[in-house]
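The structure appears right after this line, and notes come after that.
The values are calculated or read from the model by the stated rules, or taken from the named source; none is laboratory data. It should be emphasised that the depicted structure is a prediction, and the values quoted were computed from it without experimental measurement. Positions of Cβ are generated from backbone atoms using ideal geometry, with glycine treated the same way; all protein chains shown enter the neighbour counts.
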Amino acid sequence: MAALEVARLPLGAYQTNCYLTALDGASDAVVIDPGDEPERVLEALSEQRWTPRGILVTHAHLDHIGGVKGVAEATGVPVWIPRGEADELHGFPPAPYPPDHLLDGGETVSVAGIDFATYLVPGHTVASIAYAAPGVVFAGDVLFQGSVGRSDLAGGDHGTLIESIRRLVDALPADTVVLSGHGPPTTLAQELATNPFLAELRA
C-alpha cells in the first residue's frame, strides 16, 4: 500500500486531534475523530483537495464526537464507531447522530482505498477502538507521548488500559507511528522505552 498523507487538526477547547488521511497522491480521504469545529474540518479537506469518504470515531467522549454530525451531514459520508459507545453518539445532546457501522474490534474497515485494522482497546472508555493502517495507528486517548489516557472517568480502568496498550505493542511493528487524540505523534518503540506508565510492559 502507498504511504499515507496525514493532516492533524487540534480542535476545540481541549485541542483534540482530528486527523485527515489519504493515500499519497489520492483524492479520497478519511476523517478521524472530528471532535469540534466541523467547518474547520471541511475547510481543511477543501484546502487539501480531498473528498471525504468516511468518518472513524475512536471513542465517544464529547471532544471526539462533537463535529461528527456537522461533517457527516455536510458530506453524506458513513460513520464508524465502537459498538459499545454508539448510544452516546445517538444521544449526544448538542449534536446527536446515528452511526452507520458499529465495531467490536477485529474487523477491517476499508475506506478511501485504505485498509484499517481495528483493535478493541478499552481502559480509557469501555469500548475504545484503535485504527491501524500500514505504519500508523490512530489510538484515540489510549496512549500519548510520555503518558497514557485517563482511567478515572466512567468506563475507565487503569489495568485494562495497560493491557490494551500491550495488545497494540504485541500486534504492531515497533516503529509504528502513534497518532494520539491529544498532543504530538510518537512511536510504539519510543513509548515502550521511555513512557513512565509502561514500566510493566518493559519487564
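Quick look at the values:
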{"item": "Which listed residue is under 18 Å from the mean Cα position of the chain (by Cα) and in a strand (DSSP E or B), from LEU89, LEU102, LEU45", "result": "LEU102"}
{"item": "Qualifying residues in the range 161-195 (those that are buried (at least 17 other Cβ atoms within 10 Å of the Cβ) and of a type in the set (Ser, Thr, Tyr)) - the one nearest to the chain's Cα centre (by Cα)", "result": "SER180"}
{"item": "Meets criteria (among the aromatic types (Phe, Trp, Tyr) and either closer than 13 Å to ASP33 by Cβ or surrounded by fewer than 15 Cβ atoms within 10 Å (Cβ to Cβ) (or both)) for PHE92", "result": "no"}
{"item": "Every pair of residues 6+ apart whose Cβ atoms lie under 6 Å, when the first sits in the range 88-110 and is more than 10 Å from LYS69 (Cα to Cα) and without any contact (Cβ under 8 Å) to a residue 24 or more places away in the chain while the second is surrounded by 13 or more Cβ atoms within 10 Å (Cβ to Cβ) and of a type in the set (Ser, Thr, Tyr)", "result": "GLU107/THR118"}
{"item": "Selection status of VAL79, of a type outside the set (Ser, Thr, Tyr) and farther than 24 Å from THR51 by Cα", "result": "no"}
{"item": "Some residue of the range 66-79 being at pLDDT 95 or above, in a strand (DSSP E or B), under 26 Å from PRO185 (Cβ atoms) and of a type outside the set (Val, Ile, Thr)", "result": "no"}
{"item": "Search result, residues across the range 69-91 that are out of contact with any strand residue (DSSP E or B) (no Cβ under 8 Å at 6 or more places or on another chain) and either basic (Lys, Arg) or within 16 Å of SER46 (Cβ to Cβ) (or both)", "result": "LYS69, GLY70, ALA74, GLY76"}
{"item": "ALA133, sole failed condition from (1) in contact with a Phe, Trp or Tyr (Cβ under 6 Å, 6 or more places away or on another chain); (2) farther than 21 Å from VAL31 by Cα", "result": "(2)"}
